[in-house]
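Everything below concerns the one structure shown next.
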Ligand SMILES: [Zn+2]
């Protein structure tokens with residue numbers, strides 16, 4: 001009696017489990033979780049308490065799994081978001097939508113951007129200084145001896161290709177060649193759809209416009225930014241885009257690393273063989289090793305790297321690590337950080353004497369070393385910059401780092 005009774009109980013519990021499984025698969029496929037909860041209440045009313053308990057355990061599992069997936073999705077979304085059109089050191093406030101892209105750039109940079117006329121004043125001012133020779137970055141990198149001051153206008157197109165084209169055309173009208181780097185992880189360039197990279201159809205027109213303007217065109221290297229997207233090898237993305245630009249007629253000689261070391265724990269230039277700043281293996285936000293030294297510049301036909309960062313011979317690793325991990329302080333609008341970055345950089349040397357950055361509306365910074373003495377001028381105007389350039393010692397190599405979106409109005 002007892003035995004047969006327990007067999008009968010077992011069989012009833014097996015039936016109940018089987019019924020539960022069928023119900024779960026039916027309901028999980030067809031209903032949102034909230035309706036499922038309502039359904040469980042109804043089952044309890046019908047006296048199917050065991051089944052309800054079993055289902056509740058399963059639904060809790062399903063909900064946990066949904067949370068895990070949602071968390072992963074939001075971290076991926078946030079990464080892609082950060083690669084878009086956010087001003088350096090600012091939070092994203094707009095969606096990644098190309099339909100009103102120009103309007104978004106205008107809104108995002110409204111507070112930071114100077115008039116386009118300031119760019120004309122800069123170029124005119126540089127040309128007017130007799131001891132200056134304005135050369136593209138590929139020529140500055142040749143390190144030729146010169147009695148003149150060599151000045152390069154490097155344009156990192158983080159967000160605004162339209163203003164960049166306008167700048168290239170202005171330079172052409174003055175017979176001067178600047179250097180422009182397209183950012184392959186910016187949404188104006190293209191976007192990943194799952195693992196398929198789709199370039200913005202307008203990109204080809206911009207590339208042609210730069211070629212016609214006679215400027216130097218290169219890639220703003222964000223290999224380690226691209227590597228943050230799960231399943232993507234940023235080094236291969238960079239290589240692919242070098243080939244793509246060349247296939248459209250670009251005489252591409254160089255790249256310039258986007259962002260600085262605190263962003264990814266590595267400078268983007270470290271994707272190239274021999275450019276590792278010190279021995280270590282940084283990883284992405286999901287723990288995947290960054291493709292350090294994965295590409296060979298010589299094999300790719302690249303002749304220089306446009307940030308002009310070179311490894312230090314006797315690096316103080318502790319100091320370099322501390323600077324690398326100071327993500328909170330790393331901003332071009334932080335005076336102390338910029339001073340250290342430009343004049344006493346603990347992780348690299350600069351193969352130019354001074355760098356001149358625009359960091360806000362008519363706010364400029366000059367930093368570097370001349371005859372091993374630090375040079376640093378913070379929060380100065382365009383007028384101050386031109387004054388400084390006209391008094392630089394002969395033979396100075398000066399690199400302007402411009403983001404077109406700061407001079408677009
Ligand atoms: Zn950049």
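The values are calculated or read from the model by the stated rules, or taken from the named source; none is laboratory data. Here the structure is a predicted model, which means the values were calculated and not measured. Heads up, the Cβs are rebuilt from the backbone with ideal geometry, glycines too, and the neighbour counts pull from every protein chain shown.
Numerical summary
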| quantity | calculated |
| --- | --- |
| Any hit, region 279-294, residues being in a loop (DSSP other than H, G, I, E, B) and within 16 Å of the ligand (Cβ to nearest atom) | no |
| Residue ranges of strands (runs of 3 or more DSSP E) in region 110-205 with at least 3 members buried (at least 22 other Cβ atoms within 10 Å of the Cβ) | 149-157, 179-183 |
| Residue check for residue 125: in the same structural domain as residue 397 (by TED's automatic domain parsing) and touching a helix residue (DSSP H, G or I) at 6+ places or on another chain (Cβ under 6 Å) | yes |
| Matching residues, region 228-262, being more than 16 Å from the ligand (Cβ to nearest atom), touching a helix residue (DSSP H, G or I) at 6+ places or on another chain (Cβ under 9 Å) and assigned to a loop (DSSP other than H, G, I, E, B) | 229, 230, 232, 233, 248, 249, 250, 251, 252, 253 |
| Selected residue [away from the ligand (no atom under 16 Å from the Cβ), part of a helix (DSSP H, G or I) and crowded, with 18+ Cβ neighbours inside 10 Å] from 224, 210 | 210 |
| Residues of region 330-362 that turn out to be assigned to a loop (DSSP other than H, G, I, E, B) and surrounded by 14 or more Cβ atoms within 10 Å (Cβ to Cβ), as a count | 13 |
| Qualifying residue in region 128-145 (condition: over 29 Å from residue 337 (Cα atoms), more than 24 Å from the chain's Cα centre (by Cα), at pLDDT below 90 and more than 16 Å from the ligand (Cβ to nearest atom)) | yes |
| Options 234, 225: the member that is without any contact (Cβ under 8 Å) to a residue 60 or more places away in the chain and within 17 Å of the chain's Cα centre (by Cα) | 234 |
| Only one of 322, 330 that is modelled with pLDDT under 95 and either under 30 Å from residue 153 (Cβ atoms) or not assigned by TED's automatic domain parsing to the domain that holds residue 203 (or both) | 330 |
| Of residues in region 363-401 being within 16 Å of the ligand (Cβ to nearest atom) and surrounded by 22 or more Cβ atoms within 10 Å (Cβ to Cβ), the one farthest from residue 332 (Cα to Cα) | 399 |
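So that you can scan it fast, the table gives a plain yes or no per residue for (1) out of contact with any helix residue (DSSP H, G or I) (no Cβ under 6 Å at 6 or more places or on another chain); (2) touching a residue at least 24 places away in the same chain (Cβ under 8 Å); (3) under 22 Å from residue 400 (Cα atoms):
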position	(1), (2), (3)
101	yes, yes, no
109	no, yes, yes
133	yes, no, yes
136	yes, yes, yes
143	yes, yes, yes
152	no, yes, yes
172	no, yes, yes
194	yes, no, no
